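Let me begin by presenting the structure, written as structure tokens, before commenting on it.
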Amino acid sequence: MGNGVTTAGGSVAANGAKAKRTPVEWLKLFAIPILAVLLLVIPLFLSEFRLNLLAKYLCFAFPAAGIVLIWGYGGILSLGQGMFFGLGSYMMAMYLKLESTTSDSSAQALSEFFGSNLPDFMVWNSVEALPWWWEPFHHAWFALPAIIILPALIAFVLAYANFRKRVGGVYFSIITLAFSAIMAIVIIGQQGVTGGINGITDFKTFFGVSFEAEGVRTKLYLATVLLLLAVLVVGRFIVRSRLGKILVAIRDREDRVRFSGYDPALFKGFIFACAAVFASIGGALFTLQVGLASPSLVGIVPSIEMVIYAAVGGRLSIVGAVYGAVLVGAAKTFFSENFVEYWLYFIGALFVIVVMFLPSGLAGLLDRFTRRGANGNGAKP
Amino acid sequence: MNELILSVEDLTVSFDGFKAVDNLNFYVEQDELRVVIGPNGAGKTTLLDMICGKTKPSSGTIRFKNRYLHNMIEYQITRAGVGRKFQNPSVYEDLTVLENLDISYPKKRSVLGSLFFRRGSEIVGKIEAVAEQIYLRDQLGTKAGLLSHGQKQWLEIGMLLMQDPELMLLDEPVAGMSAREREQTADLLKRISKGRSMVVIEHDMAFVKMIAHKVTVLHQGRMIAEGTMEQVQADERVIDVYLGH
Amino acid sequence: MTFEIFMMQAFNGLSLFTILVLMALGLAIVFGLMGVINMAHGELMAMGAYTTYATALFFEKFMPAAKDVYFLVGIVLAFAVTFVFGLALERGLIRFLYKRPLDTMLATWGLSLILQQVFRHVFGPKEVGVPTVSWLQGAWAPSFLPNASFPLSRIFIIALALLVSFGVYMLLFRTRWGLRIRAVTQNRTMSGAAGINTERVDALTFALGCGLAGIAGSSFTMLASTGPVTGQQYVVDTFIVVVFGGVESLLGTILSAAIIGQLQSTFEFLMTGSMAKASILLLVIVALYFRPNGLFSSKVRR
């Protein structure tokens, strides 16, 4: 079983003493440091262009890691994480756009010409005034915490409300699907205030630093890596805690967990909120890296794609999600550069193959090379 | 005469017109070990389902100590001090025996509490003691899914012991067990019933004789006899219903 | 709003409803029976539409004299093709994922992506349309509603949908097979123990669900043109209809489709297309919160 981050194998006595570990188990124990080294060393070997691509892929590792938590450990299949990725992405975009409108000289010239202080796309759409819900994003002290808090709140309410009513797995998946569809539709439809299908782009500076400045790209990459590692550490902490065990119990026997005295809805709501925060951070970083917030990352298709990143890495492996995101992201780039038409075949087949034959993803493959001994091995989906 | 820990009055539940339990009155004293027997479909499991909150009664009341259970939901009833063991062993297959017992510990059941929970020596001691009692001391690191059927039953009883409920509801604790395992389970139940009230559903009459203080016989959702094992076995109606069992 | 406009509005809602109802019926039957949601259901509808298109092309090329008949042939072929494909799909993929409904969603999503690309490769990325047969051209302008006109083609597909729904009802409630399907839906283990070949029931029922989507696709060609992504546009709506109607009763599905179809065309009349769609989805989600088992579920689970 793809136990990427839970207890290593061997017999465990009550006081926690562990038996001897195999090499793969050592690999798993140090998965995060190994990844850290890889990610920090790689910039030395990549061109700036390729580094940017890697940074972009890493942004998708955030929602993927969240999906490992809610799906692998919690049994909740969310087909709408794009919603939270999009929230983070757009909130960052709003902040950056307003910053550029007020600070950038060419933007200022433009606004003087049009006689208004609004972001360019609003001016083009004849929007008269800044909508009230844009206003707070003038300030970093609002925008940055909002990226964390708003998705967490929305996610918790959404999940808790549904799970309190004991809405089942498939139903909830469809609800998440619908929500991400709604969000994409609304964003595209309300062009004047959201940038519509083109999204929000054209940022000049962030927190006073210009995007064009020397070494900025590298610094952004490092920041992304650090945040990703932090997210992985948090995820691993959750999984190893008692809460993680309770989640697994809820996943496998939710009814019984009630009779152990727990309210499953609270736990599911909590972990769903965590995943939402991860996705939101990823979205915000994406906007910083790529300079764009777009509805094409919000709807059904991108949301379900995020699931495949987690599935490829191994749905029980938080670190695996990073490898999954990078591998699939790289594949996407490869296909779009060389065989555009075959991308859908590839990813469609990937879904089918991973689900049918590799339910534990790459982490599971790794496991097959270990002797699992007393702890058993059943490849449980 | 001890105080009543459980009072079930006029309890009825019907599923699409079929009355699984029909105006049942059922009283359990403190520290009593009551066994409920009856032919299949008599409503025994349904009775336990309603007490622990799995099924909602159509009418009637269930009183546990000074609380009314029929309006509460499962986890609240559990926290109030009622523990349930199911007919089919319900353990967390993907977690180890240790972890199964750990999460049954009745403290820190909130989200934050469980997130930052540290397994201290107190709980480790309790886990080891319980594991000893349920004959699984050497299996603490084994995944529950790998245990034998009988061992899973014991594990589930162990999980209940961790919870330390005042009222234990056991549904066919020896189903599928060998003769030796049944003896061991009888010992176990006798040990853990000290200072606890228990309601046990069983079919194995020899086993019932080993453990029961008092026996209630249900048939078609109603009680048809109650008393010691000898009294009940001699009761005409019971003989009728069991066809010479 | 004049009476005519109201009637035409209602009629438009009805046309949309026919597509939704056929799609939803197919999905609901499968979901009720096997608990699986086939994310490629939309692509099956597109398959039906493309089959009808191919039939039109074939007739035009090889039997131009008989081209008025093509549409009926197209409908039958659409059903046949999607039915067979559904059978193959169930045997080849779905049945291996039985106790895993979430995984089934992912696998069928992958399939839907593959199918979309196949459509693109075979039929091209542009949308294709079919000619309306002569006997369905024109509209019905009833004398009592002088300013209204109801296209014949739409009347036809509404009638078709009603006929097919009736047929499904008859199948489920008046035939042996329907009995078996209902038995397995309600209690799989007992049905198996009673000697019903549950595997066969699953395969045929799944194929039937796909076939219904095929007919929906065929009908769809009378409403709009079909492209590789057409299926995906209707898929979320279909899921919502099924979830909203509950899987307890077919009537629930039909009514759910009617309500949602009607709401959608009304909303579209009142606000922009995208906001209409978003509002419907949101409305249904909220409604689901109050009735998690769907509109017509009798058993309110505790």
Q. Angle, helix A:216-240 long axis vs. longest principal axis of chain A, Cα atoms, 0 to 90°, nearest 10?
A. 40
Q: Just need log10 I(q)/I(0) for region B:31-110 at q = 0.25, 0.26, 0.27 Å⁻¹, Debye formula, equal scatterers on the alpha-carbon atoms, no solvent, rounded to two decimals.
A: -1.31, -1.34, -1.36
Q.
At 24 angstrom or more along the helix axis (alpha-carbon based) and mean Kyte-Doolittle of -1.0 or higher, what helices does chain C contain? Whole DSSP H runs only.
A. C:3-34, C:41-62, C:70-92, C:101-123, C:152-174, C:198-220, C:250-270, C:273-290
(Q) Largest first and in whole Å, what are the equivalent-ellipsoid semi-axes of the protein assembly as shown based on the Cα gyration tensor, each being the root of 5 times an eigenvalue? (A) 51, 39, 26
Q. Once you have the alpha carbon radius of gyration of region B:102-154, what is it after dividing by 2.2 N^0.38 Å, with N set to its residue count?
A. 1.27
(Q) Are there any trypsin sites (Lys or Arg not before Pro) in region C:37-112 that are in a DSSP loop and have at most 13 other Cβ atoms within 10 Å? List them by number. (A) C:Lys99
Q: Over region A:156-278, calculate the relative contact order: mean separation of alpha carbon pairs under 8 Å at least 6 apart, over the residue count, as a percent.
A: 37
Q) Considering only DSSP beta bridges with both partners in chain B, what is the antiparallel share in %, to the nearest 5? A) 55
Q | lysines with Cα under 19 Å of A:Lys332, excluding same-chain neighbours fewer than 8 positions away | A | A:Lys56
Q | Where N is the number of residues in chain C, Cα Rg divided by 2.2 N^0.38 Å | A | 1.01
Q: Principal axes first, then extents: for the Cα atoms of region B:32-181, list largest minus smallest coordinate on each axis, whole Å, largest first.
A: 44, 42, 28
Q: Of the listed pairs B:Lys19/B:Lys190; A:Lys165/B:Lys85; B:Lys85/B:Lys190; A:Lys245/B:Lys126; C:Lys99/C:Lys126; B:Lys19/C:Lys99, which have alpha-carbon separations greater than 27 Å here?
A: B:Lys19/B:Lys190; C:Lys99/C:Lys126; B:Lys19/C:Lys99
Q: State, in angstrom, two size descriptors of chain A derived from its alpha carbons: Rg to one decimal place and Dmax to the nearest whole number.
A: 21.7, 74
Q.
Under 8 Å for C-alpha pairs, at least 6 residues apart: give me the relative contact order for chain A, rounded to a whole percent.
A. 36
Q) Looking only at GluC sites (Glu not before Pro) in DSSP loops with at most 13 other Cβ atoms within 10 Å, what is the longest site-free stretch of chain A? A) A:215-381
Q: Report the dimensions of region C:207-253 along its three principal axes from the alpha-carbon atoms, largest first, rounded to Å.
A: 33, 20, 18
(Q) Using +1 at the C-beta of Lys and Arg and -1 at the C-beta of Asp and Glu, which of C:Ala88, C:Ser149, A:Ser210 has the Cα lying farthest in the positive direction of the dipole of the protein assembly as shown? (A) C:Ala88
Q.
Compute the helix-to-body angle for B:179-192: its Cα long axis versus the longest principal axis of chain B, expressed 0 to 90° and rounded to tens.
A. 80
Q. For C:Trp140, what accessible area in Å² do you get when you roll a 1.4 Å probe over the heavy atoms of the protein chains, rounding to the nearest 10?
A. 120
Q. Between the DSSP loop rule and a limit of at most 13 other Cβ atoms within 10 Å, which chymotrypsin sites (Phe, Trp or Tyr not before Pro) in region A:175-215 are left?
A. A:Phe207
Q: May I ask you to derive the relative contact order of region B:11-152, considering only C-alpha pairs under 8 Å and at least 6 residues apart, and to give it as an integer percent?
A: 19
Q) Looking only at other chains, what is the average number of their beta-carbon atoms within 10 angstrom of each beta-carbon in B:104-113? A) 4
Q) Angle, helix A:140-164 long axis vs. longest principal axis of chain A, Cα atoms, 0 to 90°, nearest 10? A) 50
Q. Using a 1.4 angstrom probe and counting only protein chains, how large is the accessible area of B:Thr55 in Å², to 10?
A. 30
(Q) Once ligands and nucleic acids are excluded and a 1.4 Å probe is used, how much of B:Lys152 is accessible, expressed in Å² to the nearest 10? (A) 40
Q | Beta bridges by DSSP in the protein assembly as shown, antiparallel share as percent, to the nearest 5 | A | 65
Q) In angstroms, what radius of gyration and Dmax does region C:216-287 have, counting Cα atoms only? A) 12.7, 34
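The values are calculated or read from the model by the stated rules, or taken from the named source; none is laboratory data. Quantities reported herein were computed from a predicted structural model and do not represent experimental measurements. Using ideal geometry, Cβ is built from the backbone for each residue, glycine included, and neighbour counts are taken over all protein chains shown. Quick note on the areas: whole protein, heavy atoms, side chains included, nothing else; ligands and nucleic acids left out. Shrake-Rupley method; radii C 1.70, N 1.55, O 1.52, S 1.80 Å.
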